[in-house]
Amino acid sequence: MHPIIEGLRGKLIVSVQAYPGEPMRNPETMAQIARAAEIGGAAAIRCQGLSDIAAIKGRVEVPVIGLWKEGHEGVYITPSLRHAKACRMAGADVVAIDATSRPRLDGLSFAETTAAMHAEGALVMADCGSYEDAKNAYDAGADILSTTLAGYTGDRPLTEGPDLELLAEVVAAFPDRPVICEGRVHTPADAAAALDAGAFAVIVGTAITHPTRITTWFTKAIENR
Ligand SMILES: CC(=O)N[C@H](C=O)[C@@H](O)[C@H](O)[C@H](O)COP(=O)(O)O
């Protein structure tokens, strides 16, 4: 296993992202949050967009998992080989790519995209939404499989917490490949449960780095009491 990936075993990875139009959408802000997460023990940072990847890579010592989101419909996480290569050039140690079989911007398959990235020596994380996606990503040789898109592609229910059922299924089917649990890991107990279910590592985004969303959890609880 590549040493960068081996270093993530049993660890917490923090996703640091702000969405278009949001007040924290600024590479310097994202870099500050990434560094704060690193001080708290994050073993890697996952981040979005070339400016954020570059700013964060320059601020933290832990590995950076980079992606580039474009669009909202269909494939929007690193939707073409051009996007993937750009993430690597911006400083990503691992490039996260949508691993569904939905049509991609450049017409390449996930397997073709992965092969082209491997030819450049890059590591690829496959963002999967179903068992079939994970199987295809495994066959394509993706370095990491993850449940990132579970609940967002129509293949799986939108569970309240992480999709531990899919996680366990993928872990059991592909024991020789690291499987990361990502998506709706909202509490420390969720994170522990993901590792207990066999996750190689766990990624937390919103619950650590998205204050607007976290605030609504509290305001709703107060309103609904
Ligand atoms: C589905 C999608 O586009 N997920 C994105 C992937 O990078 C991010 O918006 C999520 O914040 C990230 O996956 C972490 O998940 P959560 O924020 O639930 O901890």
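The values are calculated or read from the model by the stated rules, or taken from the named source; none is laboratory data. In this text, all values refer to a predicted model and were calculated from it rather than measured experimentally. No Cβ is skipped: glycine too gets one built from the backbone with ideal geometry, and neighbour counts run over all protein chains shown.
Would you confirm, using the coordinates I've provided, whether Gly71 is in a loop (DSSP other than H, G, I, E, B), within 15 Å of the ligand (Cβ to nearest atom) and either crowded, with 16+ Cβ neighbours inside 10 Å or modelled with pLDDT under 95 (or both)?
Details: in a loop (DSSP other than H, G, I, E, B): yes; within 15 Å of the ligand (Cβ to nearest atom): yes; either crowded, with 16+ Cβ neighbours inside 10 Å or modelled with pLDDT under 95 (or both): yes.
Against the criterion (in a loop (DSSP other than H, G, I, E, B), within 15 Å of the ligand (Cβ to nearest atom) and either crowded, with 16+ Cβ neighbours inside 10 Å or modelled with pLDDT under 95 (or both)), Gly71 qualifies.
Would you mention how many residues in segment 128-146 are under 24 Å from Lys57 (Cα atoms) and touching a helix residue (DSSP H, G or I) at 6+ places or on another chain (Cβ under 8 Å)? Steps first, answer last, please.
First, the residues of segment 128-146 that are under 24 Å from Lys57 (Cα atoms): 142-146.
Now narrow it down to the ones that are touching a helix residue (DSSP H, G or I) at 6+ places or on another chain (Cβ under 8 Å): 142-145.
Total satisfying the criteria: 4.
Within segment 68-103, track down each residue that is touching a residue at least 60 places away in the same chain (Cβ under 8 Å), out of contact with any Pro (no Cβ under 8 Å at 6 or more places or on another chain) and more than 21 Å from Asn136 (Cα to Cα).
Taking segment 68-103 and keeping what is touching a residue at least 60 places away in the same chain (Cβ under 8 Å), we get 77, 93-94.
If we keep only those that are out of contact with any Pro (no Cβ under 8 Å at 6 or more places or on another chain) as well, we get 77.
Passing the criteria: none in range.
Would you be able to tell me the number of residues in segment 129-172 that are assigned to a loop (DSSP other than H, G, I, E, B) and either over 19 Å from Ala111 (Cα atoms) or within 11 Å of the ligand (Cβ to nearest atom) (or both)?
Selection size over segment 129-172: 18.
What residue, of Arg82, Arg104, is touching a helix residue (DSSP H, G or I) at 6+ places or on another chain (Cβ under 9 Å), basic (Lys, Arg), more than 13 Å from the ligand (Cβ to nearest atom) and at pLDDT 95 or above? Outline the logic, then answer.
Details: Arg82 fails: touching a helix residue (DSSP H, G or I) at 6+ places or on another chain (Cβ under 9 Å).
Of Arg82, Arg104, the one residue that is touching a helix residue (DSSP H, G or I) at 6+ places or on another chain (Cβ under 9 Å), basic (Lys, Arg), more than 13 Å from the ligand (Cβ to nearest atom) and at pLDDT 95 or above is Arg104.
Being out of contact with any helix residue (DSSP H, G or I) (no Cβ under 8 Å at 6 or more places or on another chain) and closer than 13 Å to Ala90 by Cβ is the filter here, so list the residues in segment 19-48 that pass it.
Passing the criteria: only Gln48.
Here is a list: Ala84, Ala42. Which entry is small (Gly, Ala, Ser), in a loop (DSSP other than H, G, I, E, B) and crowded, with 22+ Cβ neighbours inside 10 Å?
On the way: Ala84 fails: in a loop (DSSP other than H, G, I, E, B).
Sole residue among the options that is small (Gly, Ala, Ser), in a loop (DSSP other than H, G, I, E, B) and crowded, with 22+ Cβ neighbours inside 10 Å: Ala42.
Which of the residues belonging to segment 198-225 are assigned to a loop (DSSP other than H, G, I, E, B), more than 20 Å from Ala42 (Cβ to Cβ) and either within 16 Å of the ligand (Cβ to nearest atom) or of a type in the set (D, E, K, R) (or both)? Quick ask: steps written out before the conclusion?
Step one: filter segment 198-225 for residues assigned to a loop (DSSP other than H, G, I, E, B), giving 198-200, 205, 210, 224-225.
If we keep only those that are more than 20 Å from Ala42 (Cβ to Cβ) as well, we get 198, 224-225.
Selection gives Arg225 alone.
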